[in-house]
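Let me begin by presenting the structure, written as structure tokens, before commenting on it.
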Amino acid sequence: MDGFQGKLRQSLQFRLSAWLCLVILAIAVAAGVFSYLSAFQEAIELQDDQLRQMAALIQRQQLPVTSAPPADPLDGDPQSRVVVQLLPSPGAQTPEPASLLSDVPAGLPDGIQTLRSSHTSWRVVIKTLASGSRVAVGQRTEVRDEIARDSAQRTLMPFLILIPVLLLLVGGLIRNMFRPLKTMALDIDRRSEQDLREVANAHLPSEIRPFVVAINRLLLRVAQSVSMQRRFVADAAHELRSPLTALSLQAEQLDAADMSAHARERLAVLRSGIRRTRGLLDQLLTLARVQDSSRGRTQTVSVQQVFRQVLEDLMPLADVKNIDVGVEGAQDARVTAHEADLKTLVKNLVDNAIRYTPNEGRINLSVHTNGRDVILQVTDTGPGIAPQERLRVFDPFYRVLGHDEVGSGLGLSIVQTIADRLEAKIDLGYANEPTQSGLRVSVTFPTMASIAAGNSSPQPTNPAK
């Protein structure tokens with residue numbers, strides 16, 4: 001609860017909404033009290049005017065006034081709760097208190113006033129008629145107050161209805177005002193670490209744009225720093241190629257010379273190390289190339305055509321280990337990507353499969369659709385990758401322990417980088433789940449991929465054979 005309250009206190013949206021709601025409520029309460037008191041006072045004054053008008057009407061029309069009957073007129077219609085009483089003249093004998101205003105003092109001056117009669121508070125207008133007689137027009141104060149309260153309470157109804165609506169509208173407006181910020185944060189959060197393009201600020205408030213401009217400048221500096229690092233790696237790998245080529249040529253020349261068996265064995269180890277180093281440099285150059293964000297326009301590439309190009313390049317490696325490499329099915333699909341990137345992705349997957357598949361093994365390439373996405377799949381009959389290792393194998397230079405195969409540990413890292421660029425997803429699993437053997441790599445391309453015409457029947461083809 002403390003953490004939640006802390007987040008609320010740190011939320012600008014919450015604080016702005018809370019302060020606006022408090023101000024609106026305070027103003028609404030003050031306005032409601034003022035409106036209630038004003039309406040109450042106006043209702044009282046209106047009823048006083050009604051009493052004065054009734055007294056003036058009696059004098060103007062010379063209406064006859066008699067003593068009120070003993071019955072309480074308040075038991076009748078609430079709109080007629082007014083008592084008209086003829087008062088005795090000064091010095092005259094006061095009649096028996098049979099009416100409601102019978103105990104009103106005879107010496108009261110003309111005008112409106114509040115007094116008690118028959119143990120009840122009354123608002124009374126005293127008027128002297130032309131005939132010299134005096135009349136009292138009165139109304140119980142509790143009745144008047146009840147009418148005034150009802151009138152005042154009706155003035156509060158708009159406040160009671162509109163204030164909650166206003167609070168909801170304010171909350172909704174503030175949420176809509178902060179929605180571009182949430183959208184921007186969501187867009188930045190969904191980006192990969194390779195996506196360092198500028199944040200759009202077209203629909204943001206002017207108060208937020210300096211903050212976004214600062215973020216864009218920071219992203220630009222980060223992109224420049226990353227680009228410098230990648231160029232350094234690429235330049236270093238490229239510069240190391242020449243001395244390695246020279247070492248390789250000298251090792252070949254040395255191989256032609258007469259030497260002992262022990263020296264020739266050491267020379268073989270040296271040549272193997274040179275080959276591994278050259279392979280590592282090639283992979284570093286490939287990784288630097290695929291991480292470069294400043295690429296040209298993409299195009300739709302045929303997956304089957306990429307399969308054929310990759311198999312032509314890697315078939316000699318498969319023949320050395322007598323591995324059966326083939327393409328399952330004739331169904332084709334087109335993927336929106338750079339052809340070089342897609343070829344590098346497939347080539348690294350197949351090269352990795354050839355390295356870890358034992359002699360006389362099998363590697364299958366296939367492409368199919370699930371109605372919306374295009375799924376490229378490479379399976380082999382090697383040892384597979386344990387579930388606990390499947391996240392680590394995409395880290396640069398990470399290699400699964402227990403294998404003697406020569407490699408740089410960059411193949412799957414390159415595949416992951418290209419997949420992120422193409423917004424594709426990679427899934428690793430066992431090719432044979434019951435025996436938990438073999439590796440199945442599935443690369444799912446998004447809806448930008450499209451199905452090409454072709455035969456979807458599973459007809460294995462094997463260029464190696």
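Assuming 0.36 nm per residue, please report the length gained on full extension of the stretch D282 to I174 beyond their Cα-Cα distance.
Using 0.36 nm per residue and subtracting the Cα-Cα distance, I get 33.4 nm.
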query = aspartates and glutamates within cross-link reach of K343: Cα-Cα under 13 Å, excluding same-chain residues under 8 positions apart?
reply = E312, D313, D351
message = Could you work out how much longer the chain between K321 and L37 gets when fully extended? Use 0.36 nm per residue separation minus the Cα distance between them, nm to one decimal.
response = 92.3 nm
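Net charge near E389, counting Lys/Arg +1 and Asp/Glu -1 over other residues with Cβ under 12 Å of its Cβ?
Neighbour charge sum, excluding E389 itself: +2.
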remark   = Here the gain from full extension of E45 to L16, 0.36 nm per residue of separation minus their alpha-carbon distance, amounts to 6.1 nm
Residue order, fewest to most surrounding Cβ atoms within 10 angstrom, among D324, D319 = D319, D324
note = Simple spin-label estimate for E312/Q229, 7 Å along Cα→Cβ, in nm, reads 3.8
query = Looking at T277, V306, P316, which one has the Cα that reaches farthest to the positive end of the dipole of region 275-395 (charges on Cβ: Lys, Arg +1; Asp, Glu -1)?
reply = T277
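Can you tally the net charge around C21? Count Lys and Arg as +1, Asp and Glu as -1, for every other residue whose Cβ sits under 14 Å from the Cβ of C21. Can you show the working numbers first?
Values: positive: R15, R175; negative: none.
Local charge sum for C21: +2.
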request  = Set the Förster radius R0 to 56 Å, insert the Cβ-Cβ distance between E423 and T155 as r into 1/(1 + (r/R0)^6), and round the FRET efficiency to 0.05.
outcome  = 0.35
query = What does the highest-first list of 369-379, 328-338 look like by mean Cβ count within 10 Å?
reply = 328-338, 369-379
query = Sorted from largest down, what three extents in whole angstroms do the Cα atoms of region 194-294 have along their principal axes?
reply = 80, 16, 15
key: Efficiency of FRET from Cβ geometry, L108 and D145, R₀ 22 Å, rounded to 0.05   = 0.50
ask   = Placing +1 at every Lys and Arg Cβ and -1 at every Asp and Glu Cβ, with all other atoms neutral, what dipole size does region 299-451 have around its Cα centre, in debye to the nearest 20?
value = 240
inquiry  = Sort 417-424, 36-43, 140-147 by the packing proxy (mean of other Cβ within 10 Å over each peptide's residues), most packed first.
reply    = 417-424, 140-147, 36-43
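Computed from the coordinates by the stated procedures, all read-outs in this text should not be read as laboratory data. Treat the numbers as computed from the prediction; the structure is a model and nothing was measured. Positions of Cβ are generated from backbone atoms using ideal geometry, with glycine treated the same way; all protein chains shown enter the neighbour counts.
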